[in-house]
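Before any comments, here is the structure.
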Amino acid sequence: MGPNLPEESRGRLSSPVDARQQLRRWCAIPAEESLGRRESRICYRQVADSIELGSLMAEELVQTIEENNQQGRSTRAIIPCGPTCWYDPFRSLVNARGVSLKALHVFHMDECLDWEGHPLPTRHPYNFKTFMERHFYEGIRPELAVPEGQRHWLLLATIEEIRAAINEAPVDITVGGWGQDGHVAYNQARRHPFHRTTLDQIANSTIRIEENNIDTIVALAHRTFGAAYQFVPPMSITLGMHEYLSAKKVRVYSDTGAWKQPALRVALFSEQTPEYPMTLLQTHPDAIITATPETARHPISENPDWELF
């Protein structure tokens, strides 16, 4: 979808001088007036609430699997740990329709690590493998379940194995969310004082281990630990944007509100920028962003009298 922004909204978050001015313009656009319309650079949908979002996520993945099953083809999907609203609807659809997952290959898009790059304790709330085994795989009728060998978990020891597995055939669908700085999977904007990445480097990035940004740690601390940042995993392993965008279709969703609001505005209205990796979805021929009203709103748009500069 080509850009059709008003002249004053064009540009990217490219310099300290204009970044805040641009971001303020995008955040000031009322959600009910502009989000998802012609001025956005990517296809956008809005749903009523978390229930509708979860149902849509589940239906879109199940539909992809059913279509491939009918044609005798396997399904290759990149799957996130969250949003959490779609796991119950997914299990219900699979079980009620008798959808076989025997030909589904799941590439888990990321995992959290401790400060030495090791997996977290099994019952840590950010151990994604434990979470997905409990909420994504458990509850599926055994005769329909994804075979163990087709569940691809990211670890230091599996990087090359998963890279090869993804590259050997096209991925059908990437399902995901986004973070406070527009990171998808753990493709965070790199803010190291001595090293920054270019847009091309982010776009071509592949599986890697990285330290989590301070703002990511603070956001997760607030979300899960009552702001006790000391318990947030300091590192992560992630598929790169190269793998993420390699799928035939990409669908990202959010129902988590305030900490996703600015990134949504940037993804819709900014040019591509390494500061918000989510803007690279604009390059994909079949990418759609879906959000709830709580994520689509922004307090700046609701308080036009605020003086921010």
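Every read-out reported here was derived from the displayed coordinates using simple, explicitly stated rules and does not represent laboratory data. Nothing here was measured: the structure is a model prediction, and the numbers come from that model. Ideal geometry is used to build each Cβ from the backbone, glycine not excepted, and the neighbour counts take in all protein chains shown.
Computed on region 41-298, the Cα convex hull volume stands at 128 Å³ per residue.
At 0.36 nm per residue, minus the direct Cα-Cα distance, what do D305 and E160 gain on full extension? Give it in nm, one decimal, please. Don't skip to the answer; put the middle values down first.
Details: separation 145, 0.36 × 145 = 52.20 nm, distance 5.32 nm.
Full extension of this stretch gives 46.9 nm more.
Using every pair of distinct Cα positions in region 227-309, the Kirkwood expression returns a hydrodynamic radius of 15.0 angstrom. Diagonalising the gyration tensor over the Cα atoms of region 37-132 and scaling each eigenvalue by 5 before taking the square root yields semi-axes of 26, 21, 15 Å, largest first. Entry for region 179-247 at q = 0.14, 0.20 Å⁻¹: log10 I(q)/I(0) = -0.44, -0.83, Debye formula applied to identical alpha-carbon scatterers, no solvent contribution. Which of R163, R123, R251 ends up with the largest GNM mean-square fluctuation for the chain, with Cα atoms connected below 10 Å? With Cα springs under 10 Å in the chain, the top fluctuation among R163, R123, R251 is at R123. When C43, C112, C27 are arranged by Cβ crowding within 10 Å, least crowded first, meaning fewest neighbours, the order is C43, C27, C112.
To make sure I understand, if each residue's beta carbon is the centre and we count other beta carbons within 10 Å, what order do L199, L101 fall in, fewest to most? Don't skip to the answer; put the middle values down first.
Details: L199 16, L101 21.
Exposure proxy ranking, most exposed first: L199, L101.
In angstrom, the C-alpha Rg and Dmax of region 82-164 are 13.9, 44.
Were the residues from D200 through H124 laid out at 0.36 nm apart, the gain over their Cα-Cα distance would be 23.9 nm. For region 132-274, taking the reciprocal of the average inverse distance between every pair of different Cα atoms yields a Kirkwood hydrodynamic radius of 17.0 Å. Cross-link partners for K260 among the aspartates and glutamates, with Cα-Cα distance under 12 Å and sequence neighbours closer than 8 places in the same chain left out: D181, E294.
Sorting D114, D200, D181 on the 10 Å Cβ count, fewest up front, what's the list?
Values: D114 13, D200 9, D181 21.
Fewest-to-most Cβ neighbours within 10 Å comes out as D200, D114, D181.
Spatial offset of region 91-159 relative to region 181-226 amounts to 23 Å, using the alpha carbon center of each.
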